[in-house]
Amino acid sequence: METVKFTQMKDGDREDYAFLTEHETEYASGTADRLLAAMVELDKSLSGYKVTRLGHSLQAATRAWNAGADIDWVVSALLHDIGDIYAPYNHDEYAAAIIRPFVREQCAWVVEKHGDFQLIYYGEHVGANPHKRDAFRESAYFDDCAEFCEKWDQSSFNPNYSTRPLEFFSPMVTEVFARKSYDPAVVRANQREAMSNSALAAARSAI
Ligand SMILES: [Fe+2]
Ligand SMILES: [Fe+2]
């Protein structure tokens, strides 16, 4: 069978759907590679800053890496603005939807809300509410998102920062997207991991 037999989904049988599941699984295994290619595409978006969107993303991921953050944090920092390509008005939600099945709930939440939290830095200059983040004060992840924005996002527009290349992060993206989707051991609902680890940061600075 090279294609399914049906022309409308309701007519498909077990054989058709087994065939499609096989194709879907194979296609899904290429997700990390497609995301890495999209990151290169991100290089063309949003001009005017001193760094490209890819440069900004790599800088955020490098800061996370340098802080000794775990792989969930590093990959989340790398992909946090990937939504800029297709969803400029809700890029945060778009990026969160991509990473949510494969990273800790904490990281997906932070990526989803980072757009609102970033307004604290520039909302007043564009007629937006700088305190939009206050709506999330009760969240267990409020402080994480504030820290993510302060240390890794708003700070990562410096063209002179020593930034690691995409190839450095590629194996981490591959590892994260090879995980079983929505695995409770990965999602770890309501668990928080620190965004820095000084021992790991010191060890990494030697690499
Ligand atoms: Fe963003
Ligand atoms: Fe950003």
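General observations
- The helices (runs of 4 or more DSSP H) found entirely in segment 128-207 that carry 1 or more residues being within 16 Å of ligand 1 (Cβ to nearest atom) and under 15 Å from the mean Cα position of the chain (by Cα) are 142-147.
- Extreme residue, farthest from ligand 1 (Cβ to nearest atom), among residues of segment 59-82 that are surrounded by fewer than 24 Cβ atoms within 10 Å (Cβ to Cβ) and among the small types (G, A, S): G68
- Residues that are touching a residue at least 12 places away in the same chain (Cβ under 8 Å) and in a helix (DSSP H, G or I) within segment 1-16 comprise E15, D16, listed in sequence order.
- Taken together, A37, A18, A28, A67 contain a single residue that is modelled with pLDDT under 95, more than 12 Å from the chain's Cα centre (by Cα) and of a type in the set (A, V, I, L, M, F, W, C), which is A28.
The values are calculated or read from the model by the stated rules, or taken from the named source; none is laboratory data. Because the structure is predicted, anything quoted here is derived from the model rather than measured. Glycine gets a Cβ as well: all are built from the backbone with ideal geometry, and neighbour counts include every protein chain shown.
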